[in-house]
Structure formats: C-alpha cells, structure tokens
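Below: the structure, in structure tokens.
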Amino acid sequence: QVQLVESGGGLVQAGGSLRLSCAASGRTDTFYVVGWFRQAPGKERDSVAAMTWSGGSISYADSVKGRFTISRDNAKVTIYLQMNSLEPDDTAVYYCAAGVIGRHGYSVWGPGTQVTVSS
C-alpha cells in the first residue's frame, strides 16, 4: 500500500513563510506525478502545484507563481512545498496527493495539514 502524510502547517503572519512536507511510503516507484492541493472554508479544492515524479515538469496555480515552490528529496521520499510571502487568502487545509502508474488521476491522498495566515 502507498501512504502520504503531510506536516509543517501552522499559524503565520502575512508576509511570512512556511515549508510543508509530505512523507511518502510504500511503492513510490509507481508514482508518475505528485502535487499539492488546498481547500479553504466554503470553497472547492484547488490545485496549487504539481510535478512529475522524475522532476522533469513543474506547474503552479497563477495565484501562487513566484511565491511557492514544489520539490522532492531524492534520498528521502519526501515532497515539499515552500511557501513565501504568504497572504490571508492562502489560508486553507493543504493536501499532498500522488498519481500512480496505471490508475486514473490523483489516487493517493494525505489527510491534510492546516495553514492559517493572519493579517
């Protein structure tokens, strides 16, 4: 089985930074894409950033371009989301997800971690 667990969320003032981590276990060699999503109260879940497991392609939502960076640690099976210049609108539950070879869409999800940005 494959599992993802997020960590690093918390409370930060506007203009501050946080780094989220996503620890992966199981058959991570079957991953072809990993991404970060977020869901604010009363809103739909939106994609924030994504990258191919091999690191060849990266994309970001327009709202976070220039502020957020997705990366992975090749030695430790961990996916990161570095968040700088945080704004109150970034407040949401953040989820790590992965797409697995042979399956449709993002099929593996973590339980989420809360990020709150105060003004």
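The values are calculated or read from the model by the stated rules, or taken from the named source; none is laboratory data. Note that this is a predicted model, so its numbers are computed, not measured. Don't worry about glycine lacking a Cβ; one is built from the backbone with ideal geometry, like all the others, and counts go over all protein chains shown. The area values use the complete protein model at the heavy-atom level, side chains included, leaving out ligands, DNA and RNA. Shrake-Rupley method; radii C 1.70, N 1.55, O 1.52, S 1.80 Å.
Glu44 passes all but one of (1) without any contact (Cβ under 8 Å) to a residue 12 or more places away in the chain; (2) open to solvent by less than 60 Å² (accessible area, probe 1.4 Å); (3) among the acidic types (Asp, Glu); which number fails?
Of the numbered conditions (1) without any contact (Cβ under 8 Å) to a residue 12 or more places away in the chain; (2) open to solvent by less than 60 Å² (accessible area, probe 1.4 Å); (3) among the acidic types (Asp, Glu), the odd one out for Glu44 is (2).
Counting only residues that are assigned to a strand (DSSP E or B) and out of contact with any Asp or Glu (no Cβ under 8 Å at 6 or more places or on another chain), which one in segment 37-47 is farthest from Phe68 (Cα to Cα)? Even if it seems obvious, please write down each step before you answer.
Within segment 37-47, the subset assigned to a strand (DSSP E or B) is 37-39, 46-47.
Of the ones still in play, those that are also out of contact with any Asp or Glu (no Cβ under 8 Å at 6 or more places or on another chain) are 46-47.
Working: Asp46: 15, Ser47: 12 Å.
Filtering segment 37-47 for residues that are assigned to a strand (DSSP E or B) and out of contact with any Asp or Glu (no Cβ under 8 Å at 6 or more places or on another chain), the one farthest from Phe68 (Cα to Cα) comes out as Asp46.
Identify the residue in segment 67-102 that is of a type in the set (D, E, K, R) and buried (at least 17 other Cβ atoms within 10 Å of the Cβ) and, among all such residues, is farthest from Leu4 (Cα to Cα).
Initial filter on segment 67-102 (of a type in the set (D, E, K, R)): 67, 72-73, 76, 87, 89-90.
The next check asks that each one be buried (at least 17 other Cβ atoms within 10 Å of the Cβ); those that pass are 72, 90.
On the way: Arg72: 13, Asp90: 22 Å.
Of everything passing the filter in segment 67-102, Asp90 is farthest from Leu4 (Cα to Cα).
Given Val34, Val12, Val64, which one is open to solvent by less than 50 Å² (accessible area, probe 1.4 Å), in a strand (DSSP E or B), more than 21 Å from Ser107 (Cβ to Cβ) and hydrophobic (A, V, I, L, M, F, W, C)?
On the way: Val34 fails: more than 21 Å from Ser107 (Cβ to Cβ); Val64 fails: in a strand (DSSP E or B).
After ruling out the rest, the residue left standing is Val12.
I'm checking my understanding of the structure. Among residues of segment 76-119 that are under 19 Å from Ala14 (Cβ atoms) and part of a loop (DSSP other than H, G, I, E, B), which one is farthest from the chain's Cα centre (by Cα)?
The residue in question is Ser119.
If you scan segment 15-31, which residues turn out to be at pLDDT below 95 and either touching a Cys at 6+ places or on another chain (Cβ under 7 Å) or open to solvent by 60 Å² or more (accessible area, probe 1.4 Å) (or both)?
Answer for segment 15-31, where residues must be at pLDDT below 95 and either touching a Cys at 6+ places or on another chain (Cβ under 7 Å) or open to solvent by 60 Å² or more (accessible area, probe 1.4 Å) (or both): Arg27, Asp29.
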